[in-house]
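Here, each number is a calculation from the coordinates, and none is a lab measurement. On a predicted model such as this, the values are computed, not experimentally measured, just so you know. Cβ atoms come from the backbone with ideal geometry, glycine included; neighbour counts cover every protein chain shown.
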There are 2 protein chains.
Amino acid sequence: MDEPVSEQWGTPEGQAMLQLLWDPPPPPTRGPKQRLTLDQVVVGAMEVATELGVDELSMRKVAQHLGVGAMSLYTYVPGKDELFELMIDRAYADRALPDRALPWRAQVEFHAHEAWRMYQEHRWLIRSNLWRMPLGPHVLDAQEDLYRAVLLTGLPETTVVRVAGLVESHVFGAARAAVTDTSVASRTGMTTDDYWESRAGFWGTYFSTERFPTMTRIWERGGFDDDCPEQAWEFGLALLLDGVERLVQAGGAAARS
Amino acid sequence: MDEPVSEQWGTPEGQAMLQLLWDPPPPPTRGPKQRLTLDQVVVGAMEVATELGVDELSMRKVAQHLGVGAMSLYTYVPGKDELFELMIDRAYADRALPDRALPWRAQVEFHAHEAWRMYQEHRWLIRSNLWRMPLGPHVLDAQEDLYRAVLLTGLPETTVVRVAGLVESHVFGAARAAVTDTSVASRTGMTTDDYWESRAGFWGTYFSTERFPTMTRIWERGGFDDDCPEQAWEFGLALLLDGVERLVQAGGAAARS
DNA sequence: AGATAACGCAGTACGCCGTACGGAATGCGG
DNA sequence: CCGCATTCCGTACGGCGTACTGCGTTATCT
């Protein structure tokens with residue numbers, strides 16, 4: 001898992017990966033029939049990842065989950081990194097696209113919600129030390145449509161790209177925080193209160209109210225008791241899109257230059 | 001590296017981790033002198049991570065880098081996860097804090113710039129599949145001061161927490177994108193142009209201008225030729241803080257309620 | 001129909017990884 | 001000076017990704 005995303009599309013490996021993403025070759029005529037399909041392998045890997053966590057994802061476990069030998073997977077996929085790229089693209093495949101009749105803001109919000117839902121459903125996406133999306137068809141479909149929606153603002157192209165990145169970044173960050181909380185809660189089987197309770201040792205032993213007066217104050221006033229993570233991230237999205245809206249209004253004249 | 005951040009602070013391991021972060025025990029009097037210090041181990045690990053990349057970070061390599069046996073590291077550190085938490089906290093140690101005489105916006109911008117600088121200097125921070133900051137002293141110092149700066153706005157505590165998270169998220173996302181680009185460029189030894197050149201096979205073979213009209217349009221108008229990543233992320237930060245400023249102005253009366 | 005070539009499948013093995021264990025060397029407290 | 005706590009490290013175990021190889025299967029060719 002050194003390079004979850006191939007860096008060299010020009011190389012033969014890169015070409016193979018692209019072909020796998022865009023144009024999976026039909027099973028050859030000669031030889032025994034394949035016992036699995038590429039899709040089954042990818043979906044099986046996603047199931048293992050959701051069930052066991054991305055850290056426990058291994059070729060051997062995926063193979064076992066699918067009822068084949070470990071090395072048989074390499075008939076379908078060049079390696080683990082490539083399988084992971086296929087998993088990511090597959091996760092994007094389920095994303096719905098907004099109604100194009102809606103105003104741009106509603107469309108962007110729809111995209112953000114879909115991304116949020118995707119991260120919730122496939123928590124391993126968050127934990128993946130992924131640093132560049134694979135150039136897969138479904139990933140690009142989502143990107144394309146987000147750009148299309150943002151472009152409806154009429155903002156200059158450079159700004160559109162930046163705004164789209166901003167939205168993606170925000171959803172990712174919020175999802176990371178939320179998934180963390182729920183994951184900790186579910187894995188340890190403790191409520192959020194219990195969780196903080198278990199940290200009591202820290203607060204008592206090392207946390208100094210003199211060294212951290214602001215945090216203490218925020219804590220005392222309940223600033224950390226965030227009711228619902230949904231509200232928190234939608235607040236951020238709203239703030240962000242308000243800014244974009246202002247940009248649109250302000251640039252209405254300037255954009256012409 | 002299953003759980004980069006211990007989930008159970010109540011457990012003995014959690015306590016040991018906290019003690020390591022906050023109150024590293026002095027070397028015992030009995031027995032042979034330690035050949036290293038905890039700090040040397042942590043810094044050595046950071047050097048290995050920056051040099052070889054976080055994926056290549058291993059206990060054996062850190063030990064070799066420090067000129068000791070692999071298992072000797074376990075005298076200083078309970079395990080790799082704990083070492084990694086110490087690395088993170090150590091990275092935060094170098095962050096400067098803003099001048100408190102400055103207006104809140106300048107202070108928050110200073111924080112964002114320091115975070116950006118930190119991510120640039122320690123690129124492994126980006127690639128770490130880190131999902132919760134360790135409760136280390138330096139991490140908390142930075143958090144505390146950011147909260148303090150945001151609290152100067154006079155916004156309600158819940159909003160302060162959200163805004164701080166928004167800023168952190170944005171810098172992280174922008175740093176991730178920037179580090180990706182420069183890292184690809186430096187590792188493969190190709191310029192950005194060469195990089196895109198090498199992908200020509202993709203654009204020619206699979207990219208369809210009919211399927212991706214918006215991306216094509218943005219590309220043609222140079223929307224993706226982002227001159228400088230610094231400008232891009234500062235644009236986002238400005239947009240974000242503009243929103244906060246509006247919130248402050250609007251809430252000037254409402255905050256009293 | 002039989003031979004052949006292409007191909008799927010899986011067992012074994014290699015070199016990594018994190019780290020548990022135990023023994024040798026070391027230097028302070030009694 | 002002795003005893004023992006402690007450091008250091010060689011060995012080893014289980015798990016990982018995957019290269020290689022041999023075997024069995026099956027569509028095509030003669």
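At a 10 Å Cβ-Cβ cut-off, how would you order A:Phe224, A:Phe202, fewest neighbours first? It would help to have the intermediate numbers written out before the result.
Numbers: A:Phe224 13, A:Phe202 19.
Starting with the residue having the fewest Cβ neighbours, the order is A:Phe224, A:Phe202.
Rank by packing, highest mean first: peptides B:213-219, B:28-34, with packing defined as the count of other Cβ atoms within 10 Å averaged across residues.
Working: B:213-219: 17.7, B:28-34: 6.9.
In descending order of packing, they fall as B:213-219, B:28-34.
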Determine the distance separating the Cα centre of the stretch B:102-135 from the Cα centre of the stretch A:215-249; give it in Å without decimals.
19 Å
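With charges only on Cβ, +1 for K and R and -1 for D and E, what is the dipole size of the stretch B:12-91 about its Cα centre, in debye, rounded to 20? Could you put the intermediate results ahead of the total?
On the way: 7 positive and 11 negative charges, 100 e Å.
Charge dipole of the stretch B:12-91: 480 debye, to the nearest 20.
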Sequence-distant lysines (8 or more away, or on other chains) whose Cα lies within less than 27 Å of B:Lys33:
B:Lys61, B:Lys80
Say a paramagnetic label sat at a point 7 Å from the Cα of A:Trp219, along Cα to Cβ; which residues of the stretch B:109-141 have their backbone N under 18 Å from it?
B:133-141
Could you check the simple spin-label distance between B:Thr75 and B:Glu51, using points 7 Å along Cα→Cβ, in nm with one decimal?
2.2 nm
So if each residue of separation counts as 0.36 nm, and I subtract the Cα-Cα distance between A:Glu245 and A:Gln19, what length gain in nm does that give?
77.3 nm
Scoring the stretch A:55-158 by relative contact order with C-alpha pairs under 8 Å, at least six apart, yields a percentage of 28 percent
State the dimensionless ratio Rg/Rh of the stretch A:13-58 (Rg: radius of gyration of Cα atoms; Rh: Kirkwood radius).
1.07
Label-point gap, in nm, between B:Asp94 and B:Thr37 - each point 7 angstrom along Cα→Cβ
1.7 nm
Kirkwood Rh in Å, taken over all unlike Cα pairs in the stretch B:27-169:
16.8 Å
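Can you give the relative contact order of the stretch A:103-184 as a percent, counting alpha carbon pairs under 8 Å and 6+ residues apart?
Taking the mean separation of contacting Cα pairs over the length of the stretch A:103-184, I get 47 percent.
Taking a ≥ b ≥ c as the square roots of the Cα gyration tensor eigenvalues, with a/c under 1.5 meaning rounded and otherwise prolate when a/b beats b/c, else oblate, which class fits the stretch B:12-91?
Oblate, since a/c reaches 1.5 and b/c is not below a/b.
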